[in-house]
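One structure is given below, encoded as structure tokens.
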């Protein structure tokens, strides 16, 4: 609306002169409004700073800029993680507000949805690099380029939303992802605390993750199975919080070494059993534990506590089926996990 009003004003008035740089800096210093808003004000007032300042104040009342300036320094640690995936393009954002009450407000969710959809469109414009997966964290300049619904600037829509909801709203971070190979897929998932999560995009929650994975030549999964696997991997990242993917070669070697150790333990236990029949009961229990892949007090192996501490994705217990590891699922499915990102609302970001 602001853009339409300004365009109508400029159309009806005489052509404005170029904006004076000193006047622009002075107006920016006096009002604290964005350079783009100050520039529009000076254009509409022929570089008259006083008139431009008055014009800004009048427009600010209409469009929520004044309210946004008032609450700008207030802490905003609540909010939502928003994710949108469109084919091989995706975006994930953290958008903060002051209270959980506003975070659940339909207008706040609508604003978050506009931001994440615009960010996904921006991901489509990323230059194709030599990497299979391109990731870009948007800075202030990139966010200024985002156009939301009806072509409105992000900051204008944010100010309007602040004016209506009365809380500081901050677009804390936006990550754009682009896949540049036909076999690469991108999946996203948000975990909504206190309610069901949606598989439809855009999706919102307190935790979010995006996973990029590719089909290998021998992959036999159909479209639905591949999509579900992507969702499961995203949930894995949210729930188990890995820090790296890990190498499949290392995982396969670890499994082989564990199998050899298990066989050696079985052989040793059987030998001890034949020597001392008095300890049959204890030895049978140990053999059973070894056959089940478990451990005894004398054995060496990974404990449940160690599994929970594992930060390599491939080495973690698979949340969708704790009887197997993620690496086993990846190897059996003939896919490769290329990258992943996890956001948690309110977490400290370096």
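The values are calculated or read from the model by the stated rules, or taken from the named source; none is laboratory data. Fair warning: this is a prediction, and the values are worked out from it, not measured in the lab. FYI the Cβ positions are ideal-geometry reconstructions off the backbone, even for glycines, and counts take in every protein chain you see.
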Flag for residue 56 being over 12 Å from residue 19 (Cβ atoms), touching a helix residue (DSSP H, G or I) at 6+ places or on another chain (Cβ under 6 Å) and touching a residue at least 12 places away in the same chain (Cβ under 8 Å): yes
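Residue by residue, here is whether (1) farther than 30 Å from residue 336 by Cβ; (2) surrounded by 14 or more Cβ atoms within 10 Å (Cβ to Cβ); (3) at pLDDT below 70 holds:
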| residue | (1), (2), (3) |
| --- | --- |
| 221 | no, yes, no |
| 227 | no, yes, no |
| 236 | no, yes, no |
| 257 | no, no, no |
| 276 | yes, no, yes |
| 284 | yes, no, yes |
Reported set for region 164-188 where residues are out of contact with any strand residue (DSSP E or B) (no Cβ under 8 Å at 6 or more places or on another chain) and over 29 Å from residue 348 (Cβ atoms) is 164, 182
For region 129-141, check the following and say yes or no: at least one residue is in contact (Cβ under 8 Å) with a residue 60 or more places away in the chain and more than 27 Å from residue 183 (Cβ to Cβ). no
Would you mention how many residues in region 1-29 are part of a helix (DSSP H, G or I), at pLDDT 85 or above and surrounded by 12 or more Cβ atoms within 10 Å (Cβ to Cβ)? 6
When (1) modelled with pLDDT of 95 or more; (2) part of a helix (DSSP H, G or I) are applied to residue 82, the one that fails is (2)
Consider residue 234 carefully, then state whether it is under 18 Å from residue 320 (Cβ atoms) and either under 13 Å from the mean Cα position of the chain (by Cα) or not in a loop (DSSP other than H, G, I, E, B) (or both). yes
Scanning region 47-69 residue by residue, those part of a loop (DSSP other than H, G, I, E, B) and at pLDDT below 90 turn out to be 64
Test: residue in region 117-138 that is surrounded by 16 or more Cβ atoms within 10 Å (Cβ to Cβ) and closer than 25 Å to residue 62 by Cα: yes
